[in-house]
Structures are given as structure tokens and as C-alpha cells.
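The values are calculated or read from the model by the stated rules, or taken from the named source; none is laboratory data. Quick caveat, the model's predicted, so the values are computed rather than measured. Cβ placement follows ideal geometry from the backbone for every residue including glycine, while neighbour counts extend to all protein chains displayed. Accessible surface is based on the protein model in full, side chains and every heavy atom, while ligands, DNA and RNA are left aside. Shrake-Rupley method; radii C 1.70, N 1.55, O 1.52, S 1.80 Å.
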Amino acid sequence: MTDPVRVFVTGGTFDKEYDERTGTLFFKDTHLRDMLKLARCRVPVEVRTLMMVDSLDMDEHDRELILAQCRKCDQARIVITHGTDTLEETAFFLEQVLPTDQPVVIVAAMRPSTAVSADGPANLEEAVKVAAHPDSQGRGVLVVMNDTIHETRDVTKTNATALQTFKSPNAGPIGYVDLESVRFMHPPETYPRPRFKVPAKAPMPRVDIIYSHSNMTADLIDA
């Protein structure tokens with residue numbers, strides 16, 4: 001029997017429902033399991049809820065919890081559901097610190113589960129398919145959305161509403177996935193990926209980023 005794909009739930013639009021009276025979104029921790037019933041997953045799946053947060057509110061402690069769960073499932077194939085706003089940050093973090101090349105696929109949805117033409121079920125089905133595919137081994141952490149497969153070094157969110165928001169502007173996607181197949185554009189890289197050690201105790205080192213722009217002064221740098 002095929003080993004199950006572990007699905008770690010963290011929140012995001014996957015598990016949100018739209019309240020037409022107030023115009024707000026709220027969490028309901030049942031939608032992902034409903035999506036799995038709609039998704040035609042051909043491998044067994046185990047679901048575990050790690051947290052239920054909007055990714056804008058996700059902090060280093062949340063990411064360390066995700067990392068710890070991935071480490072506990074060493075060599076297992078993993079799918080992580082996530083909000084879109086900070087998905088690329090979590091994906092890049094995990095790629096830098098996970099010590100193995102086990103397939104870890106991060107997936108999200110742009111539309112809540114109760115919306116017309118919700119994209120969650122299809123994205124989830126394709127993420128599970130990529131995680132279970134033998135050609136995903138050795139590729140590290142991947143992002144799967146809207147029929148495309150991205151590496152963490154290049155992927156970024158480009159639009160607040162479009163389904164094809166995640167793109168890799170400099171390198172392009174590394175593969176494509178649909179209802180019938182998973183197609184990678186090139187074999188896995190053979191050189192060893194650098195891995196960094198997470199500090200044993202929080203907080204993690206603070207790193208500020210200052211953007212440069214026209215007519216910029218040195219005030220922030222001096223500060």
C-alpha cells in the first residue's frame with residue numbers, strides 16, 4: 001500500500017467562508033476535509049490541523065511549529081495548506097532549514113471554499129498529486145497553484161485577486177500539473193542545497209530590510 005501523504009492545515013482562504021451579511025471572511029475548520037472528498041486523490045491522505053490563522057498573522061513561532069512537524073515526518077511526503085499573503089516566506093524558510101530532500105508541497109487558494117468557482121479543491125488535488133509523484137523526490141520545497149509548480153527561490157505573489165497570482169518572474173515555473181499528469185521541465189538539481197540551523201531558542205535574529213528609491217535619504221540607514 002502507498003504511504004499516505006501528510007496534509008498539514010495552517011489556515012488561509014482554504015478554510016474560510018464568506019459572510020454575505022457582513023462582507024467578512026471567517027474560519028471554519030471543516031472545509032478542507034470537504035475539499036478532499038471533492039478532490040480525486042488517488043493516494044491515501046492523512047490530515048492534521050496545526051493552526052488556523054490568516055497568513056498575514058503568521059509569525060516565526062508558527063513557522064517553527066510547521067518545521068517541527070515536517071521533521072517529525074522525516075521522509076514522508078507532505079502537503080501544507082497556507083494563506084497566500086506570506087506563502088512565499090514560509091516556503092523559502094522551509095527550503096533553507098529542512099535537512100532532507102523529501103517532497104514538501106505548499107498550496108493555497110485565492111477564493112474561499114463557498115465561493116463560485118472556488119479554486120481550493122483543484123489546487124489541493126494537484127498538490128497531493130505532486131507530493132506523491134516519484135519525480136518530486138529531491139526537489140525540496142515546492143509551491144503548487146493554478147496548474148503550475150514553482151521553486152521557492154523564484155516564486156512570488158503578483159496579484160490580490162487573480163487565480164494565477166503566483167509566478168516565477170525570473171526563472172518561470174519548473175513544471176505543470178493537471179488532472180492526468182505531472183510534468184517537470186528539468187531533472188532535480190544535483191548540487192547539495194545549503195541548510196541553515198534554526199536557533200534553539202526564540203526569538204530568531206532580527207533582520208530589517210530597507211528598500212532604496214529615488215530621492216532616498218540616509219536617515220533610515222543612519223538610524
Under a 1.4 angstrom probe, counting protein chains only, how are Tyr211, Tyr191, Tyr176 ranked by accessible area, largest first? Tyr211, Tyr191, Tyr176
Report, ordered by chain and residue number, the aspartates and glutamates lying within cross-link reach of Lys72, taken as a straight Cα distance under 19 Å and ignoring same-chain residues fewer than 8 apart. Asp3, Glu46, Glu60, Asp62, Glu64, Glu95, Asp101
Translational diffusion coefficient (Stokes-Einstein; Kirkwood radius from C-alpha pairs) of region 142-213 at 20 °C, 1.002 mPa s, in µm²/s: 141
Average accessible surface area per residue within the chain, 1.4 Å rolling probe, Å²: 55
How large is the charge dipole for the chain, taken about the Cα centre, if only the Cβ atoms of Lys, Arg (+1) and Asp, Glu (-1) carry charge, to the nearest 20 debye? 640
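Which FRET efficiency value, to the nearest 0.05, is calculated for Gln96 and Gln137 with the Förster distance at 30 angstrom and r the Cβ-Cβ distance?
Calculated value: 0.95.
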Ignoring ligands, DNA and RNA, what percent of the 1.4 Å accessible area of the chain is carbon and sulfur? 53
Taking the Cα centre of region 52-139 as origin, work out the dipole magnitude from +1 charges on Lys and Arg Cβ and -1 charges on Asp and Glu Cβ, in debye rounded to 20. 420
In the chain, what percentage of the DSSP-assigned beta bridges are antiparallel, given to the nearest 5? 45
Using heavy-atom solvent-accessible surface (probe 1.4 Å) with all chains present, what is the largest-first order of Ile174, Ile221? Ile221, Ile174
Listed peptides 43-55, 149-161, 82-94 by packing density, highest first (mean Cβ within 10 Å): 82-94, 149-161, 43-55
